[in-house]
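Visitor: I have a structure here, written as structure tokens, and I will follow up with some questions on it.
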């Protein structure tokens with residue numbers, strides 16, 4: 001990942017679009033990167049970007065509100081982790097679990113805060 005402000009924002013929006021997307025689009029993405037049938041990569045990508053958000057606020061490349069909402073989504077994905085929730089990290093769960101429906105809604109809200117007008121388009 002580059003230190004470029006524009007690249008960070010582009011990667012963050014792309015990641016959020018994937019999290020907000022329909023499960024069929026998510027599954028296709030996971031196939032394209034070789035992670036299928038595991039859904040872990042969707043959360044790992046956001047985690048990496050969320051970890052950089054504090055620095056992005058510090059240097060003026062991200063607002064506090066943007067950081068806060070991205071971190072909120074990252075925490076929600078973190079709550080889905082752990083051995084007791086292993087069944088949530090499958091392509092099947094992406095299509096059926098209420099937890100993933102909540103993640104999609106939260107990701108859509110993040111996109112609104114970031115000013116992305118394209119919704120879940122890839």
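Visitor: Which members of segment 46-71 meet the condition of being surrounded by fewer than 19 Cβ atoms within 10 Å (Cβ to Cβ) and either under 11 Å from the mean Cα position of the chain (by Cα) or assigned to a strand (DSSP E or B) (or both)?
Guide: 47, 48, 71
Visitor: Specify the residue that is farthest from residue 116 (Cα to Cα); the eligible residues are those in segment 11-45 that are within 14 Å of the chain's Cα centre (by Cα) and not in a helix (DSSP H, G or I).
Guide: 39
Visitor: Moving on to the next point. Specify which of the listed residues (100, 89) is modelled with pLDDT of 95 or more, more than 27 Å from residue 115 (Cβ to Cβ) and touching a helix residue (DSSP H, G or I) at 6+ places or on another chain (Cβ under 6 Å). First the steps, then the outcome.
Guide: Details: 100 fails: more than 27 Å from residue 115 (Cβ to Cβ).
None of the other options fit; the residue is 89.
Visitor: Going by what's in this entry, would residue 56 be described as farther than 21 Å from residue 29 by Cβ and touching a residue at least 40 places away in the same chain (Cβ under 8 Å)?
Guide: Considered against the rule, which asks whether it is farther than 21 Å from residue 29 by Cβ and touching a residue at least 40 places away in the same chain (Cβ under 8 Å), residue 56 comes out as yes.
Visitor: For segment 16-45, which positions are buried (at least 18 other Cβ atoms within 10 Å of the Cβ) and touching a strand residue (DSSP E or B) at 6+ places or on another chain (Cβ under 9 Å)?
Guide: Result: 30, 39.
Visitor: Same structure, new question: Looking only at segment 8-15, decide whether some residue is under 26 Å from residue 82 (Cβ atoms) and either in contact with a strand residue (DSSP E or B) (Cβ under 6 Å, 6 or more places away or on another chain) or at pLDDT 95 or above (or both).
Guide: Initially, segment 8-15 is screened for residues under 26 Å from residue 82 (Cβ atoms), giving 12, 15.
Filter again for either in contact with a strand residue (DSSP E or B) (Cβ under 6 Å, 6 or more places away or on another chain) or at pLDDT 95 or above (or both), leaving 12, 15.
Among the residues of segment 8-15, at least one is under 26 Å from residue 82 (Cβ atoms) and either in contact with a strand residue (DSSP E or B) (Cβ under 6 Å, 6 or more places away or on another chain) or at pLDDT 95 or above (or both), which makes the answer yes.
Visitor: Within segment 107-116, can one find any residue that is under 15 Å from residue 21 (Cβ atoms), surrounded by fewer than 13 Cβ atoms within 10 Å (Cβ to Cβ), in contact with a helix residue (DSSP H, G or I) (Cβ under 9 Å, 6 or more places away or on another chain) and at pLDDT below 95?
Guide: Checking segment 107-116: not a single residue is under 15 Å from residue 21 (Cβ atoms), surrounded by fewer than 13 Cβ atoms within 10 Å (Cβ to Cβ), in contact with a helix residue (DSSP H, G or I) (Cβ under 9 Å, 6 or more places away or on another chain) and at pLDDT below 95.
The values are calculated or read from the model by the stated rules, or taken from the named source; none is laboratory data. Just so you know, these numbers come straight off a predicted model, no measurement behind them. Here the Cβ is made from the backbone with ideal geometry for all residues, glycine too, and neighbour counts use every protein chain on show.
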